[in-house]
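Comments concern the structure below.
The values are calculated or read from the model by the stated rules, or taken from the named source; none is laboratory data. Predicted model, so just to flag it, every value in this text is computed and none were measured. No Cβ is skipped: glycine too gets one built from the backbone with ideal geometry, and neighbour counts run over all protein chains shown. The accessibility values were calculated without ligands, DNA or RNA, using every heavy atom of the protein model including side chains. Shrake-Rupley method; radii C 1.70, N 1.55, O 1.52, S 1.80 Å.
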Amino acid sequence: MSPTSASTATAIAEAVRSGERSAREVVDEHLAAIEAREPELHAFNLVMADEARASADAIDRARAAGEQLGPLAGVPIALKDNLCTRGIPTTCSSRILEGWRPPYDATVVQRLAAAGAVAVGKTNLDEFAMGSSTENSAFGPTRNPHDTSRVPGGSSGGSAAAVAAGFAPLSLGSDTGGSIRQPAALCGVVGVKPTYGSVSRYGLVAFASSLDQIGPFATTVDDAALLLEVIAGHDPLDSTSIPQPAPSLRSELGRGVEGLRVGVIRELTGEGIAPDVARRVTAAADALAVAGAKVDEASVPAVAYGLSAYYLIAPAEASSNLARYDGVRYGLRVDASNSPEMMVASRTAGFGDEVKRRIMLGTYALSAGYYDAYYGKAQRVRTLIIRDFAAAYEDFDVLLSPTSPTTAFAFGDKTADPLTMYLNDICTIPSNLSGDPAVSVPYGVGDDGLPVGVQVLAPAMQEATMLRVAAALEASR
Amino acid sequence: MTDTTTTDLAAPDAGLPGGWQMVIGLEVHCELSTATKLFCGCPNQFGSEPNTNVCPVCLGLPGSLPVANDAAVTYAMRLGRALHCEVKPSVFARKNYFYPDQPKDYQISQFDQPTNIEGWLELPDGIRIGIERAHIEEDTGKTSHVGGGGRIHEAGYSLVDYNRAGVPLVEIVGKADLRTPEQARQYVAELRSIILAIEVSDAKMEEGSMRVDANVSVRKADEPYGTRCEIKNLNSLRSLVRALDYEARRQIELLEDGERVIQQTRHWDEADGRTHTLRSKEEADDYRYFAEPDLVPLDPSAETLAAIDASIPTLPADRRQALATAAGVTPVEAAMAVERGLDDLALAAIEAGANPARVMTHVEHNLAADEAVRLDAANFAGLVTMETSGELTATQAKQVLAEMVETGGEPGAIAAARGFEAMETGALESLVDEAIAADPEAWAKFCAGDAKVTGAFVGYVMKATKGQADGKAVTELLRRRAAG
């Protein structure tokens, strides 16, 4: 499953542009891989075979007509099924969106099409991106390609598994508390959560608006950088989009880490982190030191409160974002004698337990009399985390931590107690609260032989430096 | 509306029995007349086919995001400044509640950091009514219930039209400073004329582009505020006055019978002239407000605010004051001219030397609202001067004015063409003598100081001259004759 140089997005795009391979040939190969293993893995809610062949053919025709092809020409890509695709079902792995076909494409989907990428399917996720294992999908879980008795992580488990299984060299996920990075770690691929506001959220079905960010999965850091260059950059349709063009990332990757100051986050390497995972983080830090970086221990005290703050802020926003699924305009409707009862019946039947749990948590946190104690306080913790990160970045260019406390766990391991499941995101949540970018890079395996991910964190808009470090880690494996 | 006792700005008589006083606070929703909606590019248009002015954003489709319309924000700030509000850095907030005509099941509004705060509006008699806030929010869609006579409980099914969803609104929350239905009427009328003057809305109560909700309670003078009720469905100024009057009496009756007023929302029924319970507010609504994470805060620069201030024309209160000063009348007396847009004409005529009292008489009685445009101020002043110099009688002047409006002509030429010339004093004197001779009994009374009979003599002369005589000159001649 380790990527051969010919199977990377960079190589495919180059081959398609030069005419060495046709886009159709590339897509057929990947569709064949999907056909072979998808029944076992269930990475997809929908495989878009016909649409993928049609867009591959269009790219081949464009090339024949002498048109300039984009940076992702003919590259198959899998899309998390919470990204709106015009005319194609977008389910968020929820019954409540049954039958809904968006009348529009998400901004990232448009940008991918313009760059020549070929969407091969919509990937499975925890319902509305709420979960860390894809076990909360209404359509059944995705299995980890490295060990099908294990979860792929979540919520973007389908997107991570699709790339790990070779179904597509690239995929998109969304990361609200670690939903790209944690499955990337568990599936042994690269996963990036960009700076909040650097990738447009227009067309991403919202979970927690102030935390959600779309980002790439890839088999290599170079491919992840390529995809990020395509999807990033200002979008007037998203008011929180940073008014700057997409950064140039790939050209920076080879610069090495000589002289960079790397801090290993003390609060995220001790208690709660499995020893085999902690050992890989130490190995990564050592490798960077060997490569010329100045490595030291860093402290970001407020990250200890990240999980608590997150589980107030995210459900609060979710309780409001998910209110619109009321059976009136689209999706599932369960009839009743009047509209309030219809709304209750539709939502009762349409949402799964975890979604209901978070809607209740969030509704409670925003209620009159509790707002200050819960939501208000959580926002203040968020401010502290931002402040502590800013202080750490005075001394360090990037920070290092595990991505996930453990390697991929078995199905059912953590479903009985939601809190155990929530603890999976302890290392990833702080970056969502601060809005800063972070990447998970595969860095060896744990005692069970399953992939371990190391997380590189950087200040806002410093993706170039962050990915340089990730590339150095990749090179040192 | 705050529930504290405030010192009355004024407590005019509302005609209530037994020392009762009304306390009224109005919440006015005003649809802004921007080309597009508040958070998307859909047309902001009344009367289109249902669900044609819609897109993913105003339908609240999954994945869609709002982007604030700069024009709407500017309009809202202009309204705030015209109401003497402070324009503050502000944030949008989500007001969460489930309703079928609310596409996202939350409304994007403002909560603890509204755009405009602490302003006031001046009634024509100079009383200032406080404005607590004027915040920006989006409108909802419109539900119609089919079958069962349009009532929700008996309807067979309901249809929702989302054309109105996302239309920009400003909600102007007035302080509980109003004390009578008439003051409430003046407040809304004044607010409407300000909104029209700054051109941010067509402010039509009948079409719903201006919607008024009234909070009303009663108390004995100087006692703390009583329990209030909110009245909805006030679609005209007439409804507002009638509903307030009814509601105050209903509350007084309850209290005098030893019962209590229950805080609730009531619906005004124009047909039966009563308010009816819509829903009880005893359980307070919990809208779970929080800052809208999909939008960024509004923080207008000093230059933006200066440009907004510069875009505001002279407001009705200032126009009333200017005319009142020039004409030597009270602002209340100047109000009609301002309401009709005739104040600039009147001011120009007075400036040109015309008699202010005569100018005001013509403006109030002899000109309609849209006639100023066809009337040259210098000609108007000329006409008034001809009248005050005795060249034209009042009646003649009125006729000449009518023709001036019609043709845009010059008063001297019109008067000449009509053969209006000041009657020679000799001719008038002989007619006055004729009148005296015709009624010696009345003349005796006149000479004894009974002014009531004056009309009989003036009437005689007017009849003889077919109304062309100057009534004042006749009266003067009578006085001179009586004085011997």
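Some notes on this structure:
- Count - residues of segment A:117-153 that are under 23 Å from A:Asp448 (Cα atoms) and in a helix (DSSP H, G or I): 0
- For the condition under 23 Å from the mean Cα position of the chain (by Cα), without any contact (Cβ under 8 Å) to a residue 12 or more places away in the chain and either within 30 Å of B:Leu65 (Cβ to Cβ) or open to solvent by 20 Å² or more (accessible area, probe 1.4 Å) (or both), A:Pro247 does not qualify.
- For segment B:379-392, the tally of residues that are under 20 Å from B:Thr407 (Cβ atoms) and not in a helix (DSSP H, G or I) stands at 2.
- Hits in segment B:89-106 (condition: in contact (Cβ under 8 Å) with a residue 12 or more places away in the chain and open to solvent by 10 Å² or more (accessible area, probe 1.4 Å)): B:Pro89, B:Val91, B:Lys95, B:Tyr97, B:Tyr99, B:Pro100, B:Asp101, B:Lys104
- The number of residues in segment B:196-245 that are assigned to a loop (DSSP other than H, G, I, E, B), of a type in the set (Lys, Arg) and touching a residue at least 12 places away in the same chain (Cβ under 8 Å) comes to 1.
- Some residue of segment B:423-442 being outside any helix (DSSP H, G or I) and loosely packed, with under 14 Cβ neighbours inside 10 Å: yes
- Output for segment A:168-203, where each listed residue is open to solvent by 10 Å² or more (accessible area, probe 1.4 Å), out of contact with any helix residue (DSSP H, G or I) (no Cβ under 7 Å at 6 or more places or on another chain) and within 14 Å of chain B (Cβ to nearest Cβ): A:Tyr196
- Any hit, segment A:87-95, residues being open to solvent by 50 Å² or more (accessible area, probe 1.4 Å), farther than 25 Å from A:Asp222 by Cβ and outside any loop (DSSP other than H, G, I, E, B): yes
- Evaluation of B:Val400 against (1) in contact with a Pro (Cβ under 8 Å, 6 or more places away or on another chain); (2) at pLDDT below 85 (one fails), failing number: (2)
- Check on A:Ala206, modelled with pLDDT of 95 or more, over 12 Å from A:Lys80 (Cβ atoms) and more than 14 Å from chain B (Cβ to nearest Cβ): no
- Only residues that are within 11 Å of chain B (Cβ to nearest Cβ) and in contact with a Ser or Thr (Cβ under 8 Å, 6 or more places away or on another chain) were counted in segment A:81-99, giving 5.
- Within the set A:Leu79, A:Leu46, the sole residue that is in contact with a strand residue (DSSP E or B) (Cβ under 6 Å, 6 or more places away or on another chain), open to solvent by 30 Å² or more (accessible area, probe 1.4 Å) and either closer than 30 Å to A:Asp413 by Cβ or in a helix (DSSP H, G or I) (or both) turns out to be A:Leu46.
- For segment A:266-312, filtering for residues that are within 18 Å of A:Tyr422 (Cβ to Cβ) and touching a Phe, Trp or Tyr at 6+ places or on another chain (Cβ under 7 Å) leaves 3.
- Any hit, segment A:336-348, residues being surrounded by fewer than 19 Cβ atoms within 10 Å (Cβ to Cβ), touching a helix residue (DSSP H, G or I) at 6+ places or on another chain (Cβ under 9 Å) and more than 11 Å from every other protein chain (Cβ to nearest Cβ): yes
- You will find that of B:Lys104, B:Lys95, the residue that is within 16 Å of A:Ser209 (Cα to Cα), at pLDDT 95 or above and facing chain A (nearest Cβ under 8 Å) is B:Lys104 and no other.
- The number of residues in segment B:177-202 being open to solvent by less than 10 Å² (accessible area, probe 1.4 Å), hydrophobic (A, V, I, L, M, F, W, C) and more than 12 Å from B:Leu83 (Cα to Cα) comes to 4.
- Of all residues in segment A:36-56 being of a type in the set (A, V, I, L, M) and free of Cβ contacts under 8 Å to residues at least 12 places away in the same chain, the one that is farthest from A:Ile77 (Cα to Cα): A:Ala36
- Residues satisfying the stated conditions in segment B:76-88, i.e. assigned to a helix (DSSP H, G or I) and open to solvent by less than 50 Å² (accessible area, probe 1.4 Å): B:Ala76, B:Met77, B:Arg78, B:Leu79, B:Gly80, B:Ala82
- Every pair of residues 6+ apart whose Cβ atoms lie under 8 Å, when the first sits in segment B:52-78 and is within 16 Å of B:Leu295 (Cβ to Cβ) and at the interface with chain A (Cβ under 10 Å from one of its Cβ atoms) while the second is open to solvent by 10 Å² or more (accessible area, probe 1.4 Å) and in a helix (DSSP H, G or I): B:Gly60/A:Arg324
- For segment A:258-280, residues that are surrounded by fewer than 14 Cβ atoms within 10 Å (Cβ to Cβ) and closer than 14 Å to A:Val398 by Cβ total 2.
- Restricted to segment B:366-378, and to residues there that are over 22 Å from the mean Cα position of the chain (by Cα) and under 10 Å from B:Val405 (Cβ atoms), the residue that is modelled with the highest pLDDT is B:Leu375.
- Check on A:Ala318, under 17 Å from A:Thr403 (Cα atoms) and open to solvent by less than 40 Å² (accessible area, probe 1.4 Å): no
- Pairs linking a residue in segment A:425-450 that is within 16 Å of A:Ala464 (Cα to Cα) to a residue that is open to solvent by 20 Å² or more (accessible area, probe 1.4 Å) and acidic (Asp, Glu), with Cβ atoms under 8 Å and 6 or more positions apart or on different chains, are A:Val441/A:Glu474.
- Exactly one residue among A:Gly197, A:Gly254 is small (Gly, Ala, Ser) and not in a loop (DSSP other than H, G, I, E, B), and that residue is A:Gly254.
Yes/no matrix, rows are residues, columns are (1) in a strand (DSSP E or B); (2) at pLDDT below 95; (3) surrounded by fewer than 17 Cβ atoms within 10 Å (Cβ to Cβ):
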| site | (1), (2), (3) |
| --- | --- |
| B:His276 | yes, yes, yes |
| B:Asp285 | no, yes, yes |
| B:Glu303 | no, no, yes |
| B:Ala317 | no, yes, no |
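- Qualifying residue in segment B:410-425 (condition: more than 30 Å from B:Ala377 (Cβ to Cβ) and not basic (Lys, Arg)): yes
- Test for A:Ala224: is it touching a Pro at 6+ places or on another chain (Cβ under 9 Å) and either at pLDDT 95 or above or more than 14 Å from chain B (Cβ to nearest Cβ) (or both): yes
- For B:Gly47, the requirement of being in a loop (DSSP other than H, G, I, E, B), away from chain A (no Cβ under 11 Å) and open to solvent by 30 Å² or more (accessible area, probe 1.4 Å) is met.
- Out of A:Ala323, A:Ala309, A:Ala283, sole residue that is surrounded by fewer than 23 Cβ atoms within 10 Å (Cβ to Cβ) and away from every other protein chain (no Cβ under 14 Å): A:Ala283
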